[in-house]
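Engineer: Structure provided below as structure tokens; questions to follow.
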Amino acid sequence: MTRRVRIALLGYGGVGRAFATACERQAPTIRAHDGVVPELVLVRRSTMEAAPVADRPAEDWRWTPCTDLSTSLHATGVEIVVQAVPGGATSATSARDDVLAALGAGTHVVTATKSHLVAHWAELDTAARSASRAIRVSAAAGAGLPAVDLARRGVRGFGCVRIRGSLNGTSNVVLEHMADGMTLADAIAHAVEAGIAEPDPRGDLRGDDAAAKMAILANLAWGPPAHEARLTIEPIDEAVAPRAKEVRNYGTALRAVATATAHPRDISVELQAVAQGDPLYGLHGAEKAVEFDCGAAGSVVVSGGRSSPYAAGLAMLKDVVNLLSGDASPGF
Ligand SMILES: NC(=O)c1ccc[n+]([C@@H]2O[C@H](COP(=O)([O-])OP(=O)(O)OC[C@H]3O[C@@H](n4cnc5c(N)ncnc54)[C@H](OP(=O)(O)O)[C@@H]3O)[C@@H](O)[C@H]2O)c1
């Protein structure tokens, strides 16, 4: 028997549309394997909302000004809210408020947005647990790279003491180009042209994006810290170019390495020369990797998976399917 599951999608940009496409493309597989069909019943953009009409392009849907989110969710009988709205400090509050409204309306939440997770983790976790609902975040820290699954479940009980990773594709590509001899401006221009970097990659090159992803992995692995984590970030700027070249001459590669330690809870993003044999050495282009240092259980490494909007859409679909097939424990 097939169960149809009503979904509201908040955000209809690159990732939101990719999620909608992934639902369509993967529907036969999910129906056959898991017996569920995700059905989009509400799509909201920044100011407008619509009920999708099957086989009609979004331009033909009847878009009306957004109404109160709780009211819309109750009216449409939504079970899962999927959120792909912009991050950034200014959006963190509204993204948080939407998650709280969704939990209050009795839905689970799957999100690709990072800012509210970093700023409001404990508050969101508490709200989800008291509503007996789940928040899932695969797309927010790795997209196609299943680092979140490992942090949340895969290394549980292994005594993981440190997580280390290369988590920002733009930083990797820009550092590679600078090692090839390009200036920072040329390296950014090439990365933008290749579709890897955003037109304004300052948040990536400052290390903010990698630090946020690492904070999310750390919270999943160890819970939120009792006191705010100590944060150290080394940005990629013009002065890094000669260092990237020099490091290459010694047979090593300069990487923006994000690290989190369990005790004390420190998060850092530092430019480090990594040698052959290091899991972060052989990354090409925008590839990412994360290493979990699990003491007696050894080092667990995950790498690969795309960072594209479509991979993020698939990661959200994975969270939706897992929620519907037994992994709906409350909170994160
Ligand atoms: N791009 C990737 O590969 C990737 C991978 C993983 C995670 N992410 C994260 O996914 C999120 C979305 O990224 P994106 O590339 O899809 O962004 P985007 O193309 O800028 O689209 C953002 C969408 O959110 C809508 N929006 C803004 N505020 C909203 C609100 N309060 N309620 C409902 N919708 C709202 C916008 O509405 P309008 O259409 O009206 O402007 C737009 O449709 C970001 O947080 C990003 O960091 C992205």
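Engineer: For the chain, take the longest principal axis of its alpha carbons; what is the angle in degrees between that and the long axis of helix 208-222, to the nearest 10 within 0 to 90?
Structural biologist: Roughly 70 degrees between the two axes.
Engineer: Oh, and also: Just how far, in whole angstrom, is region 259-301 from region 7-48 if you go by their alpha carbon centroids?
Structural biologist: Cα centroid of region 7-48 versus Cα centroid of region 259-301: 33 Å apart.
Engineer: Go ahead and run the numbers for FRET between Asp68 and Ala194, Cβ-Cβ distance against an R0 of 35 Å, rounding to 0.05.
Structural biologist: 0.25
Engineer: Cβ under 13 Å from Ala95's Cβ, Ala95 left aside: what net charge do those residues give with Lys, Arg +1 and Asp, Glu -1? Don't jump to the answer; show the numbers that get you there.
Structural biologist: On the way: positive: Arg44, Arg96, Lys114; negative: Asp97, Asp98, Glu123.
Taking every other residue near Ala95 into account, the sum is 0.
Engineer: Also: As an exercise, find the ratio Rg/Rh for region 138-257 from alpha-carbon atoms, using the Kirkwood inverse-distance average for Rh. Each step should come with its number before you reach the end.
Structural biologist: Numbers: Rg = 15.8 Å, Rh = 15.5 Å.
Rg/Rh: 1.02.
Engineer: A further question follows. What's the extension gain from Val300 to His33 if we count 0.36 nm per residue and subtract their Cα-Cα distance?
Structural biologist: Here the segment from Val300 to His33 would lengthen by 93.3 nm.
Engineer: Quick one: Val5, Val109, fewest Cβ neighbours within 10 Å first, how do they rank?
Structural biologist: Ordered by Cβ neighbours within 10 Å, fewest first: Val5, Val109.
Engineer: Hey, another quick one. Using the number of other C-beta atoms within 10 angstrom as an exposure proxy, rank Val155, Val257 with the fewest first. Write out the running numbers ahead of the final one.
Structural biologist: Values: Val155 18, Val257 23.
Ascending Cβ contact count within 10 Å gives the list Val155, Val257.
Engineer: Something else now. Could you pull the Rg and Dmax for the chain, using just the Cα atoms, both in Å?
Structural biologist: 20.2, 63
Engineer: Give the percent of DSSP beta bridges with both residues in the chain that are antiparallel, rounded to the nearest 5. The partial results should precede the final answer.
Structural biologist: On the way: 27 of 50 bridges.
Among the beta bridges of the chain, antiparallel pairing accounts for roughly 55 percent.
Engineer: Then there's this: Quote the FRET efficiency, to the nearest 0.05, computed for Arg3 versus Met48 with a Förster distance R0 of 35 Å and r equal to the Cβ-Cβ distance.
Structural biologist: Numbers: r = 30 Å, r/R0 = 0.84.
Once the sixth-power term is evaluated, E becomes 0.75.
Engineer: Which whole-number percent gives the relative contact order of the chain, counting Cα pairs below 8 Å spaced six or more residues apart?
Structural biologist: In percent, rounded to a whole number, it is 22.
Engineer: For helix 169-179, report the angle its Cα long axis makes with the longest principal axis of the Cα atoms of the chain; keep it between 0 and 90° and round to the nearest 10°.
Structural biologist: Taking the Cα atoms of the chain, the angle to 169-179 is about 20 degrees.
Engineer: Relative to the present Cα-Cα distance, how much length would full extension add between Asp186 and Thr93 at 0.36 nm per residue of separation? Walk me through the numbers before you get to the answer.
Structural biologist: Numbers: separation 93, 0.36 × 93 = 33.48 nm, distance 3.55 nm.
Between Asp186 and Thr93, full extension yields an extra 29.9 nm.
Engineer: Would you please give the residues with an amide H less than 5 Å from that of Arg136, counting only those at least 5 places away or on a separate chain, with H modeled from the backbone geometry?
Structural biologist: Residues meeting the criterion, in which the H sits 1.01 Å from N, are Val109, Val110, Thr111.
Engineer: Please name which of Ser308, Asn172, His108 has its Cα lying farthest along the dipole of the chain towards the positive end, using unit charges on Cβ (Lys, Arg +1; Asp, Glu -1) and the Cα centre as origin.
Structural biologist: His108
Engineer: While we're on this one: Which of Pro225, Pro201, Pro65 moves the most in a Gaussian network model of the chain with Cα springs under 10 Å?
Structural biologist: Highest fluctuation among the options: Pro65.
Engineer: Taking Cα atoms, how many degrees apart are the long axis of helix 309-324 and the longest axis of the chain, rounded to 10 and kept between 0 and 90?
Structural biologist: Around 50 degrees separate the two axes.
Engineer: Let me check against my output: what whole-number percent is the relative contact order of region 44-92, with C-alpha pairs under 8 Å and at least 6 apart?
Structural biologist: This gives 29 percent for region 44-92.
Engineer: Please list, in order along region 77-94, the HN-Hα scalar couplings obtained from phi with the Karplus expression 6.51 cos²θ - 1.76 cosθ + 1.60 (θ = phi - 60°), rounded to whole Hz, x for Gly and Pro.
Structural biologist: So the Karplus estimates, Gly and Pro as x, are x, 6, 9, 9, 9, 10, 10, 9, 9, x, x, x, 4, 6, 8, 4, 5, 5 Hz.
Engineer: Report the extension gain between His263 and Asp55 in nm, rounded to one decimal, defined as 0.36 nm multiplied by the number of residues separating them, less their alpha carbon distance.
Structural biologist: Going from the current span to full extension adds 69.6 nm.
Engineer: Apply the Karplus parameterisation 6.51 cos²θ - 1.76 cosθ + 1.60, with θ equal to phi minus 60°, to every residue of region 100-113 and state each ³J(HN,Hα) to the nearest whole Hz, in sequence, with x for glycine and proline.
Structural biologist: 4, 5, 5, 5, x, 8, x, 9, 6, 10, 10, 10, 9, 8
Engineer: How many angstrom separate the Cα center of region 54-94 from the Cα center of region 204-228?
Structural biologist: Answer, in whole Å: 27.
Engineer: Taking the beta-carbon count within 10 Å as an exposure proxy, list Met316, Met178 from fewest neighbours to most. Walk me through the intermediate numbers first.
Structural biologist: On the way: Met316 31, Met178 24.
Going from sparsest to densest Cβ surroundings: Met178, Met316.
Engineer: Cut-off 10 angstrom, C-alpha nodes, Gaussian network model of the chain. Which of Asp97, Asp55, Asp204 fluctuates the most?
Structural biologist: Ranking Asp97, Asp55, Asp204 by mean-square fluctuation puts Asp55 first.
Engineer: For region 258-265, take each phi angle, set θ = phi - 60°, evaluate the Karplus expression 6.51 cos²θ - 1.76 cosθ + 1.60, and give the result in whole Hz per residue in order, putting x for glycine and proline.
Structural biologist: 8, 9, 10, 10, 6, 9, x, 7
Bear in mind that the values in this text are calculations on the coordinates, not laboratory data. Computed from a prediction, not measured in an experiment: that's the story for all the values here. Every residue, glycine as well, gets a Cβ built from its backbone with ideal geometry; the counts of neighbours run over all protein chains shown.
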